[in-house]
Amino acid sequence: MIRAILKKGKIQPVDELPPQWGGGQELIVEGGGPSDDPADIKKWHDELVALSEQIPPEDHERMAAAVAEQDRQAKERVRRDMGLE
């Protein structure tokens, strides 16, 4: 992974570039973290809600049942490990 900074609209490497990289080579650059811009957060939220609405209700029910069962098993194990059962 090569680190770089954005300075005056240009991406400038911080680390030394590998010698096998040639001029004009296409690179993929990913941001350093999520945006804290309220507009970006709302857009992300709206996209997530739209994707979630495409999941069939029975899938939601199966997931909720699986999480509830995992929670039950975890509590049972903690009680057993503590000698309460």
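The values are calculated or read from the model by the stated rules, or taken from the named source; none is laboratory data. Quick caveat: nothing in here was measured; it's all calculated off a predicted structure. Cβ placement follows ideal geometry from the backbone for every residue including glycine, while neighbour counts extend to all protein chains displayed. Quick note on the areas: whole protein, heavy atoms, side chains included, nothing else; ligands and nucleic acids left out. Shrake-Rupley method; radii C 1.70, N 1.55, O 1.52, S 1.80 Å.
What do you get for Rg/Rh over the stretch 31-85 if you use C-alpha atoms and the Kirkwood form of Rh?
A ratio of 1.27.
Taking a 1.4 Å probe, which of VAL29, VAL14 shows the most accessible area, and what order do the others take after it?
Working: VAL29 100, VAL14 75 Å².
In descending accessible area the options line up as VAL29, VAL14.
Return the lysines within reach of LYS43: Cα separation strictly under 30 angstrom, same-chain partners fewer than 8 residues apart disregarded; answer none if there are no such residues.
LYS7, LYS8, LYS10
Could you check how much of the accessible area of the stretch 14-85 is carbon and sulfur, as a whole percent, using a 1.4 Å probe? Don't jump to the answer; show the numbers that get you there.
Details: 3810 of 6750 Å².
The value for the stretch 14-85 is 56 percent carbon and sulfur by accessible area.
In degrees, nearest 10, range 0 to 90: what is the angle between the Cα axis of helix 57-81 and the longest Cα principal axis of the chain?
Taking the Cα atoms of the chain, the angle to 57-81 is about 70 degrees.
Taking 7 Å along the Cα-to-C-beta vector as the label spot, tell me the ARG62-LEU27 distance in nanometres, rounded to one decimal.
Label at ARG62, label at LEU27, 4.3 nm between them.
Give the accessible area for LEU51 in Å² (nearest 10); use a 1.4 Å probe, count only protein heavy atoms, and leave out ligands, DNA and RNA.
Accessible area of LEU51: about 100 Å².
What percent does the relative contact order of the chain come to when contacts are Cα pairs within less than 8 Å and at least six residues apart?
Working: 20 pairs, mean separation 9.6, N = 85.
The value is 11 percent.
Once the Cα atoms of helix 38-53 and of the chain are each reduced to a long axis, what angle between those two axes, in degrees from 0 to 90 to the nearest 10, is obtained?
50
Pull out the extension gain between LYS8 and ALA50, defined as 0.36 nm times the separation in residues minus the alpha carbon to alpha carbon distance; nm, one decimal. Provide the component values of the computation, followed by the final result.
On the way: separation 42, 0.36 × 42 = 15.12 nm, distance 3.61 nm.
Gain on extension, LYS8 to ALA50, equals 11.5 nm.
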